[in-house]
Amino acid sequence: MRSSQHILPPIPTVRGRNPIAALHFEISMFWKKGIALNVTLDPDTAQSWLILSEDRKSVMQGATQQHRPDNPERFDPWPCVLGCEGFDSGRPCWEVEVGCGSCWAVGVALESVRRKGPIDVNPVGGIWAVGRYKEKFQALTSPTPTPFLPSMIPRRVRVCVNHAEGRVTFVNADNEAAIFTFLQATFSGKRIYPWLWFWKRQVGSLQLLQLERTCVHL
């Protein structure tokens, strides 16, 4: 797995630019080719301790367990939730406001991801994500997570998917710095969904943001 994962995507060769400028150039080029996805959360998949906002754009931990049907789509006991709409093509992008939360993860998951019992929160388990656990920032790779040290603690994380090429890139939306890129992800031809994980031992919420800029699919 290590050969198909990079903390930073390859720096493009741009004449007359320094490496930092080149990296920003690559990110801006992705934006020009991506589609801003308006993500809402699926209550049928939300673990029973999770509470969704009325508009289904944010998730938080409740003080008590919610009484919900134990349907096959629902995560249990892992505190996860999926987006309502999946996709099997294109280059969608969306942003999640993680705020000051200390235990969270954001990314994508296969439609077939395991919902009940223990799950592998990594590509082997059908999940491509990055997250924070207390003071540790990690890409959830297999067989073990890959730590990374962001230049600025992210408050907003952008998820950018290139379905055809099997690539998932995470960007710190506060300063446009690339966080991590999964390459050669094994979801080609399969439907994937936005995925959030929110540990209960904290306050606050994860908020899905409406992207301010227009992304044009080329």
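The values are calculated or read from the model by the stated rules, or taken from the named source; none is laboratory data. Model, not experiment: these values are computed from the prediction. For neighbour counting, all protein chains shown are included, and Cβ atoms are generated from backbone atoms with ideal geometry for every residue, glycine included.
Of the candidates VAL59, VAL39, the single residue that is in contact with a Pro (Cβ under 8 Å, 6 or more places away or on another chain) and among the β-branched types (Val, Ile, Thr) is VAL39. Report yes if ILE153 is over 23 Å from ILE51 (Cα atoms) and outside any strand (DSSP E or B), otherwise no. When the stated conditions are applied, ILE153 passes them. Residues that are of a type outside the set (D, E, K, R) and closer than 25 Å to ARG91 by Cα were ranked within the stretch 47-80; the one that is surrounded by the fewest Cβ atoms within 10 Å (Cβ to Cβ) is SER58. Being in contact (Cβ under 8 Å) with a residue 60 or more places away in the chain and touching a helix residue (DSSP H, G or I) at 6+ places or on another chain (Cβ under 6 Å), is that true of even one residue in the stretch 149-158? Scanning the stretch 149-158, I find no residue that is in contact (Cβ under 8 Å) with a residue 60 or more places away in the chain and touching a helix residue (DSSP H, G or I) at 6+ places or on another chain (Cβ under 6 Å), so the answer is no. Among residues of the stretch 98-119 that are among the aromatic types (Phe, Trp, Tyr), those with a Cβ under 8 angstrom from a residue that is surrounded by 14 or more Cβ atoms within 10 Å (Cβ to Cβ) and at pLDDT 95 or above, sequence gap 6+ or separate chain, pair up as TRP104/VAL98; TRP104/GLY131; TRP104/ARG132; TRP104/LEU196; TRP104/TRP197; TRP104/LEU206. For the stretch 175-200, filtering for residues that are in a loop (DSSP other than H, G, I, E, B) and either in contact with a Gly (Cβ under 9 Å, 6 or more places away or on another chain) or among the charged types (D, E, K, R) (or both) leaves 11.
Against the list (1) over 15 Å from the mean Cα position of the chain (by Cα); (2) surrounded by 14 or more Cβ atoms within 10 Å (Cβ to Cβ), the condition VAL113 fails is (1).
Out of all the residues in the stretch 143-154, is one or more within 19 Å of PRO194 (Cα to Cα) and either surrounded by 14 or more Cβ atoms within 10 Å (Cβ to Cβ) or β-branched (Val, Ile, Thr) (or both)? Yes, the stretch 143-154 contains a residue that is within 19 Å of PRO194 (Cα to Cα) and either surrounded by 14 or more Cβ atoms within 10 Å (Cβ to Cβ) or β-branched (Val, Ile, Thr) (or both).
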